Amino acid sequence: MLMRLGAIVFALPGILLLVLYGLELSAVTSCQELGLNYDVVTQQCSPDEQPFNTFYMRNSTLVNSMMLLSVAGALALSWGMLVRGMAQQRRGQ
């Protein structure tokens, strides 16, 4: 059970971040194809030059918390593997 939960908690934050980043990248690309710039504040295309700031700069709390959650999932997954391995060794003896 711990391995399954750890695997889910390990994978879902990364998938969520990739989806959010991909959606924003799609909007930016659409604006660039029109010859405009993407305004991250209004989330619309704008003819004015926009300052450059990364997804991480704008969403640092979200990214950091998702990565921390993913690390917790990796630790739970590792612990579950260790426990399962120890239980199988006891049954084999």
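How many residues are open to solvent by 70 Å² or more (accessible area, probe 1.4 Å), without any contact (Cβ under 8 Å) to a residue 24 or more places away in the chain and under 22 Å from Leu18 (Cα atoms) if we restrict to the range 59-84?
Summing the residues that are open to solvent by 70 Å² or more (accessible area, probe 1.4 Å), without any contact (Cβ under 8 Å) to a residue 24 or more places away in the chain and under 22 Å from Leu18 (Cα atoms) in the range 59-84 gives 4.
Go through (1) over 19 Å from the mean Cα position of the chain (by Cα); (2) under 25 Å from Met66 (Cα atoms); (3) modelled with pLDDT of 95 or more one by one and return the number of the condition Val41 breaks.
(3)
On the given criteria, is Leu36 under 14 Å from the mean Cα position of the chain (by Cα), hydrophobic (A, V, I, L, M, F, W, C) and either at negative phi or surrounded by 12 or more Cβ atoms within 10 Å (Cβ to Cβ) (or both)?
no
State whether the residues of the range 44-56 include one that is under 21 Å from Ala11 (Cβ atoms) and surrounded by 11 or more Cβ atoms within 10 Å (Cβ to Cβ).
Looking through the range 44-56, at least one residue is under 21 Å from Ala11 (Cβ atoms) and surrounded by 11 or more Cβ atoms within 10 Å (Cβ to Cβ).
Mind checking which pairs have a first residue in the range 1-26 that is closer than 26 Å to Tyr38 by Cα and open to solvent by less than 80 Å² (accessible area, probe 1.4 Å) and a second that is part of a helix (DSSP H, G or I) and of a type in the set (Gly, Ala, Ser), Cβ under 8 Å, 6 or more apart or different chains?
Partner pairs satisfying both residue conditions: Pro13/Ser70; Pro13/Gly73; Gly14/Ser70.
Which helices (runs of 4 or more DSSP H) does the chain wholly contain that include 1 or more residues that are touching a Gly at 6+ places or on another chain (Cβ under 7 Å)?
2-33, 60-92
The values are calculated or read from the model by the stated rules, or taken from the named source; none is laboratory data. The model shown is predicted, which means the values in this text are computed figures rather than measured ones. Here the Cβ is made from the backbone with ideal geometry for all residues, glycine too, and neighbour counts use every protein chain on show. We work out accessible area using only protein heavy atoms, side chains counted, and drop any ligands, DNA or RNA first. Shrake-Rupley method; radii C 1.70, N 1.55, O 1.52, S 1.80 Å.
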